[in-house]
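A.B. asks: Can you read through this structure? Questions will come right after.
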Amino acid sequence: QKEVEQDPGPLSVPEGAIVSLNCTYSNSAFQYFMWYRQYSRKGPELLMYTYSSGNKEDGRFTAQVDKSSKYISLFIRDSQPSDSATYLCAMQGGSEKLVFGKGTKLTVNP
Amino acid sequence: GAVVSQHPSRVICKSGTSVKIECRSLDFQATTMFWYRQFPKQSLMLMATSNEGSKATYEQGVEKDKFLINHASLTLSTLTVTSAHPEDSSFYICSASVSGYEQYFGPGTRLTVT
């Protein structure tokens, strides 16, 4: 079992839809959870950063962490074509190293 | 804030030559810098971690003599791909961190070895 599992998609939604992206993990030591957005041929951009369990909201983005289920989610409300990108979950625990999921490619159609 | 730059953004070189990629934190001092490699439609794979003034720590399977990392200051790290071969063609991305937890990524460098 990989440490971090993420469905690569692709995921295609109409503009305005609510998008749900998810990752599962196996390492109980993970304490820090991030979501990155990566546009084609660009470096990842940090979107959300969460410590331990709970929810965090930033504008149209909400990150949820459920440590008991080892499951994290990113919700995007009122999705826009400019949200079309690959979304990577990443986790840390016990060291500086980030462990990434494979990324989910999202397309928001106008 | 938290801007990281990379130079060059794209480089094409001939097989057997060496290529140097620079990573700079522009508006903060980075205690740690990381180098990643990303193949098409794949996730980021950590190559090495470097702290200013000390030797880099390489991940298992990464050849330290081939991928030379120098972290000369709190704002600059370099990755040199020595004796490059076509299989080294990839997207190389650096990140920089102040606390060791939040990492800010550069825009990446696309290396093509012909």
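The values are calculated or read from the model by the stated rules, or taken from the named source; none is laboratory data. Since this is a predicted model, take the numbers as computed values, not measurements. We place every Cβ from the backbone using ideal geometry, glycine too, and count neighbours over all the protein chains shown.
A.B. asks: Enumerate the strands (runs of 3 or more DSSP E) found wholly within the range A:1-84, keeping only those where 2 or more residues are hydrophobic (A, V, I, L, M, F, W, C), more than 12 Å from chain B (Cβ to nearest Cβ) and in contact with a strand residue (DSSP E or B) (Cβ under 9 Å, 6 or more places away or on another chain).
C.D. replies: In the range A:1-84, the matching strands (runs of 3 or more DSSP E) lie at A:11-14, A:19-25, A:61-66, A:71-76.
A.B. asks: To continue, here is another question. Answer yes or no as to whether B:Ser99 is closer than 27 Å to A:Gly101 by Cα and in contact with a strand residue (DSSP E or B) (Cβ under 7 Å, 6 or more places away or on another chain).
C.D. replies: Spelling it out, it is not the case that B:Ser99 is closer than 27 Å to A:Gly101 by Cα and in contact with a strand residue (DSSP E or B) (Cβ under 7 Å, 6 or more places away or on another chain).
A.B. asks: Considering the range A:48-64 alone, what residues qualify as being small (Gly, Ala, Ser) and closer than 12 Å to A:Ser20 by Cα?
C.D. replies: Hit for the range A:48-64 is A:Ala63, nothing else.
A.B. asks: Now, a different point. Any residue in the range B:68-88 that is at positive phi, at pLDDT below 95 and in contact with an Asp or Glu (Cβ under 9 Å, 6 or more places away or on another chain)?
C.D. replies: Checked against the condition, which is being at positive phi, at pLDDT below 95 and in contact with an Asp or Glu (Cβ under 9 Å, 6 or more places away or on another chain), the range B:68-88 yields no hits at all.
A.B. asks: Which condition does B:Ser9 not pass, out of (1) within 12 Å of chain A (Cβ to nearest Cβ); (2) touching a residue at least 12 places away in the same chain (Cβ under 8 Å); (3) buried (at least 18 other Cβ atoms within 10 Å of the Cβ), if it passes all the others?
C.D. replies: In the conditions (1) within 12 Å of chain A (Cβ to nearest Cβ); (2) touching a residue at least 12 places away in the same chain (Cβ under 8 Å); (3) buried (at least 18 other Cβ atoms within 10 Å of the Cβ), B:Ser9 misses (3) alone.
A.B. asks: Collect the residues in the range B:18-47 that are buried (at least 22 other Cβ atoms within 10 Å of the Cβ) and either facing another protein chain (nearest Cβ under 10 Å) or in a strand (DSSP E or B) (or both), keeping them in residue-number order.
C.D. replies: Scanning the range B:18-47 gives B:Ile21, B:Cys23, B:Ser25, B:Met33, B:Phe34, B:Trp35, B:Tyr36, B:Leu44, B:Met47.
A.B. asks: Okay, moving on. Keeping to the range A:75-104, report how many residues are closer than 14 Å to A:Val4 by Cα and within 16 Å of the chain's Cα centre (by Cα).
C.D. replies: 13
A.B. asks: Now for a separate question. For the range B:55-69, state whether one or more residues are of a type in the set (A, V, I, L, M, F, W, C), within 25 Å of A:Leu88 (Cα to Cα) and in a strand (DSSP E or B).
C.D. replies: Within the range B:55-69 (the criterion being of a type in the set (A, V, I, L, M, F, W, C), within 25 Å of A:Leu88 (Cα to Cα) and in a strand (DSSP E or B)), the answer is no, since none of the residues qualifies.
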